[in-house]
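Remarks on the structure that follows.
The values are calculated or read from the model by the stated rules, or taken from the named source; none is laboratory data. In this text, all values refer to a predicted model and were calculated from it rather than measured experimentally. No Cβ is skipped: glycine too gets one built from the backbone with ideal geometry, and neighbour counts run over all protein chains shown.
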Amino acid sequence: MRKLAELIMRGRSQAILVVFIATMLPMMYWISAAAVGLVTLRRGTSEGAGLLAWSLLPAGAWGLIGDPTPALVILGTYVLAVILRRTVSWGSTLAVLIPVGVIAGIALEQMLREVLGQLVEVVQELLAQSQATVPGAELGADGWYQLLAGGLSASHAAMMLASLVLARWWQSVLYNPGGFREEFHRLRLSPSLTLAVMAVLVLGPQFGLVMVHWLPLLVLPLVFAGLALVHGSVAKRKVGGTWLFMFYMAVVVLGPYLITMLVLLAVIDSLVDIRRRIPAKT
């Protein structure tokens with residue numbers, strides 16, 4: 001991956017070649033998004049915008065045949081990279097991720113409404129054929145539509161965030177070794193953002209099924225901050241990578257339960273700064 005980052009930063013023509021080819025290839029748009037993010041972070045918004053324009057040519061072609069994902073992810077990553085470059089704050093960037101994800105979600109719903117409707121029909125048929133009690137069976141057609149649309153919105157926002165992380169890591173590897181690691185370990189959401197998200201979650205039932213749509217997107221910044229807290233705490237205690245391996249294995253096994261714990265830890269950390277209270281191992 002370092003070689004690819006070096007190629008992107010070698011010159012404008014090389015960067016254009018990378019983003020054009022990566023966007024043309026199926027499922028490789030994230031490389032293009034990360035490349036646009038890297039150039040934006042390192043060389044500024046103008047050069048990033050120029051590279052963005054080149055990447056949107058093949059992304060637009062994908063959109064014409066019914067796949068808006070490449071264009072949305074690349075555009076969203078560029079916006080997040082601009083925010084991160086100007087603020088040098090992951091907290092501010094994660095705050096912007098929510099409205100960017102909402103806009104992407106609305107666009108996806110408009111463009112893929114028929115596909116989502118077909119998926120809902122398939123899900124309902126499977127539920128009808130199942131003899132066992134399945135969680136979510138009581139949601140109904142509208143509930144499943146909101147759930148699937150919300151998952152689609154959150155997954156696109158997650159791809160934007162992952163592409164930005166890759167871009168920042170590339171920048172760190174090339175120009176500031178260890179910088180991304182330190183940044184990530186210090187990441188902590190502001191109390192105002194956390195309380196705003198929690199207020200929406202608490203009041204969510206009053207909004208009905210609409211809340212089902214946006215719930216995954218709202219908790220995404222909290223999950224990311226929770227992961228940063230885990231990594232930062234492990235690094236501060238110097239307990240080794242084995243603990244991180246065990247943690248991610250637990251995420252796979254426990255799934256939603258551990259995700260909920262990460263969200264709660266991120267909320268608490270934003271209010272009391274858990275890492276500051278953890279004694280460093282000498």
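Quick check on this structure: which one of Ala196, Ala132, Ala167, Ala128 is aliphatic (A, V, I, L, M) and modelled with pLDDT of 95 or more? Spell out how you get there, then give the answer.
Numbers: Ala196 fails: modelled with pLDDT of 95 or more; Ala132 fails: modelled with pLDDT of 95 or more; Ala128 fails: modelled with pLDDT of 95 or more.
Just one listed residue meets the conditions, Ala167.
Within region 1-50, work out how many residues are within 21 Å of the chain's Cα centre (by Cα) and aromatic (Phe, Trp, Tyr). Counting residues in region 1-50 that are within 21 Å of the chain's Cα centre (by Cα) and aromatic (Phe, Trp, Tyr) gives 2. Taking the listed residues Gln124, Gln146, Gln129, the one that is surrounded by 17 or more Cβ atoms within 10 Å (Cβ to Cβ), over 25 Å from Tyr29 (Cβ atoms), in the same structural domain as Thr23 (by TED's automatic domain parsing) and polar (S, T, N, Q) is Gln146, with no other qualifying. Trp90 meets the conditions (1) free of Cβ contacts under 8 Å to residues at least 60 places away in the same chain; (2) crowded, with 18+ Cβ neighbours inside 10 Å in every case but one. The failed one is (1).
Residues are listed down the side, and each one gets a yes or a no for (1) among the β-branched types (Val, Ile, Thr); (2) free of Cβ contacts under 8 Å to residues at least 40 places away in the same chain; (3) buried (at least 16 other Cβ atoms within 10 Å of the Cβ):
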{"position": "Leu161", "(1), (2), (3)": "no, no, yes"}
{"position": "Trp170", "(1), (2), (3)": "no, no, yes"}
{"position": "Gly179", "(1), (2), (3)": "no, yes, no"}
{"position": "Phe184", "(1), (2), (3)": "no, no, yes"}
{"position": "Ser190", "(1), (2), (3)": "no, no, no"}
{"position": "Ala199", "(1), (2), (3)": "no, yes, no"}
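Hey, among Val82, Val73, which residue is under 13 Å from the mean Cα position of the chain (by Cα), modelled with pLDDT of 95 or more and farther than 13 Å from Gln146 by Cα?
Val73
Across region 203-217, which residue is farthest from the chain's Cα centre (by Cα) among those that are in a helix (DSSP H, G or I) and either exposed (fewer than 15 other Cβ atoms within 10 Å of the Cβ) or not assigned by TED's automatic domain parsing to the domain that holds Pro256 (or both)? Among those residues, the one meeting the criterion is Gln206.
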